[in-house]
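A quick write-up on the structure given underneath.
The values are calculated or read from the model by the stated rules, or taken from the named source; none is laboratory data. Everything numeric here is computed off the predicted structure, so don't read it as measured data. Because the Cβ atoms are built from the backbone with ideal geometry, glycine has one as well, and the counts that use them run over all protein chains shown. When the accessible area is computed, the model is the full protein with side chains, heavy atoms only, and any ligands, DNA or RNA have been set aside. Shrake-Rupley method; radii C 1.70, N 1.55, O 1.52, S 1.80 Å.
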Amino acid sequence: MTLIKSISGIRGTIGGSPADNLTPVDIVKFATAFAYMVIRKNPAVKPRIVMGRDARESGPMVSGLVSATLNGMGIDVIDLGLSTTPTVELAVPGEQAHGGIIITASHNPAEWNALKLLNAKGEFISAEEGKELLELADGGTPSYAPVQELGHSSTNDTWLKKHVDMVCNYPLVDAKAIEAADFHIAVDAVNSSGGIFVPALLHALGVKRIECLYCEPSGKFPHNPEPLPEHLHDLSSLVRSKGCHLGITVDPDVDRLAFVCEDGSMFGEEYTLVAVADYYLSRKAGNTVSNLSSTRALRDVTVKYGTQYNASAVGEVNVVEMMKASSAVIGGEGNGGVIVSDFHYGRDALIGIGLFLSHLAQSRLSMVALRNSYPQYFISKNKITLTPDLNVDVLLATVSQQHAGDEVNLIDGVKIDFPEGWVHLRKSNTEPIIRIYAEANTQQKADGLAQSIIEEIKAAIS
């Protein structure tokens, strides 16, 4: 498995050979390079870095190597232990630290792990900083700190409560309405840190009836951890059997959020952001952003409120950059990622839960009725595994040329807009695959659009 180095961090499978997988050698190499970056940006101080991890089984090994490497570079480490990506993002500026490292491979299966790197604002490092990191990692023999200048590590377990309190105190989160609604909620946290954080938030919001499914943070994922419909059969069954109002699921690092309706059907991870934005914009005007692979429904909702929608390249860094450039108040991605700009510039399932439940409580609608109140689009999500001999750039250029007569966007891979929908194909930042997403006003049409492009790709490959 090739080690993946992208705007989404340094990611790979555990074990195997250095440079091909995420081995201890690679972990130390890239932690050292990040430490160099932080030291160069802060030459007059002893830097501090906040670190946290999800519950996957390799987490303690990886975090131990990262912490020791940073200490060896003369950097102090504030270790949050089991945490979430958005919690670490909030803790970096909250602790006046100079950077952050989240040890998580997000939605990837259990054999994966990663280093997700944050700047002093608690935001993912930019593409330019990522390039600098790779140059430093390959730049030669590092120079570590002498014994009298070694860094020290300390633990800090206060940020769970701080994060939950920040959500509960956010002006648009209506805890009184949520408590009065007396929701009965099932939670699938895929045996990661969401099993701690999501129930804690629900209790703080006044939810008294919670059914916990896979909430033991053992890192033993009971199913594929990506919150897609095909992985949520157990949650759907639990919602129906217990008569819950809804089900909530998050990925291992709690930056993606999806819901299940009271009848066990999927609310749709694409519609997480749509519903939260609808609630937000009904109370506070502003622009919105999502990536090119996200549903048109966000654009439709934004236009309804008379504000502006913009699309960015895929990747949280790109969404945040577009949000800042367009003064967007809310944004995110169709994978269930919600970013609220005046909360923090990061995908955060916890603020997403607070705002969504406020919307549901105030609307007095069922989940099915709320979902049906939005424009009806259907997405087909597909992928093709890459092989070492496949030239992705040539392949995408071939598909683009074949559709020269259509509306083609080349900002990120190839997006083709048709009157009846769109298709977007691009190389993944997190897996060795090409993603092929299509959207139309029926599932059959969306699947058909995707399949037609897949056939074109197969023909080009052959």
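Brief remarks follow.
- Filtered residues of region 225-268 (kept if part of a loop (DSSP other than H, G, I, E, B), at pLDDT below 95 and either more than 15 Å from the chain's Cα centre (by Cα) or of a type in the set (Val, Ile, Thr) (or both)): GLY268
- Of all residues in region 18-44 being of a type in the set (S, T, N, Q) and outside any helix (DSSP H, G or I), the one that is surrounded by the fewest Cβ atoms within 10 Å (Cβ to Cβ): ASN42
So that you can scan it fast, the table gives a plain yes or no per residue for (1) part of a strand (DSSP E or B); (2) modelled with pLDDT of 95 or more; (3) open to solvent by 20 Å² or more (accessible area, probe 1.4 Å):
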| position | (1), (2), (3) |
| --- | --- |
| MET51 | yes, yes, no |
| ALA55 | no, yes, no |
| PRO93 | no, yes, yes |
| ILE101 | yes, yes, no |
| ASN108 | no, no, no |
| LYS116 | yes, yes, no |
| GLU129 | no, no, yes |
| LEU133 | no, no, no |
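- Out of ILE416, ILE434, ILE351, one residue alone is in contact with a strand residue (DSSP E or B) (Cβ under 8 Å, 6 or more places away or on another chain), free of Cβ contacts under 8 Å to residues at least 40 places away in the same chain and not basic (Lys, Arg). It is ILE416.
- Per-region count, region 359-412, residues among the basic types (Lys, Arg) and either more than 23 Å from the chain's Cα centre (by Cα) or over 24 Å from LYS445 (Cα atoms) (or both): 1
- Exactly one residue out of LEU80, LEU118, LEU160, LEU136 is over 22 Å from ILE27 (Cα atoms) and in contact with a Phe, Trp or Tyr (Cβ under 7 Å, 6 or more places away or on another chain), and it is LEU160.
- Count - residues of region 313-343 that are of a type in the set (S, T, N, Q) and either in contact with a Cys (Cβ under 9 Å, 6 or more places away or on another chain) or modelled with pLDDT of 95 or more (or both): 3
- Some residue of region 296-303 being under 16 Å from the mean Cα position of the chain (by Cα) and open to solvent by 10 Å² or more (accessible area, probe 1.4 Å): no
- Residue ID - nearest to LEU298 (Cα to Cα), chosen from residues in region 358-385 that are touching a Ser or Thr at 6+ places or on another chain (Cβ under 8 Å) and open to solvent by 50 Å² or more (accessible area, probe 1.4 Å): PHE378
- Criterion violated by MET61 - all others in (1) farther than 17 Å from ILE27 by Cα; (2) surrounded by fewer than 24 Cβ atoms within 10 Å (Cβ to Cβ) satisfied: (1)
- Elements of type strands (runs of 3 or more DSSP E) contained in region 386-462, each with 1 or more residues being among the small types (Gly, Ala, Ser), open to solvent by less than 50 Å² (accessible area, probe 1.4 Å) and closer than 24 Å to ASN318 by Cβ: 421-427, 433-440
- Scanning region 269-300 for residues that are in contact (Cβ under 8 Å) with a residue 60 or more places away in the chain and assigned to a helix (DSSP H, G or I) yields a total of 12.
- The set of residues in region 223-256 being out of contact with any Leu (no Cβ under 8 Å at 6 or more places or on another chain), surrounded by 17 or more Cβ atoms within 10 Å (Cβ to Cβ) and hydroxyl-bearing (Ser, Thr, Tyr) consists of SER236 alone.
- Among the residues of region 333-340, some residue qualifies, meaning at least one is over 28 Å from GLY219 (Cβ atoms) and of a type in the set (A, V, I, L, M).
- Residue in region 1-14 that is part of a helix (DSSP H, G or I) and open to solvent by 10 Å² or more (accessible area, probe 1.4 Å) present: no
- Test: residue in region 199-216 that is touching a residue at least 12 places away in the same chain (Cβ under 8 Å), touching a strand residue (DSSP E or B) at 6+ places or on another chain (Cβ under 8 Å) and under 12 Å from LEU350 (Cα atoms): yes
- For region 304-317, a tally of residues being open to solvent by 40 Å² or more (accessible area, probe 1.4 Å) and either among the polar types (S, T, N, Q) or in a helix (DSSP H, G or I) (or both) returns 2.
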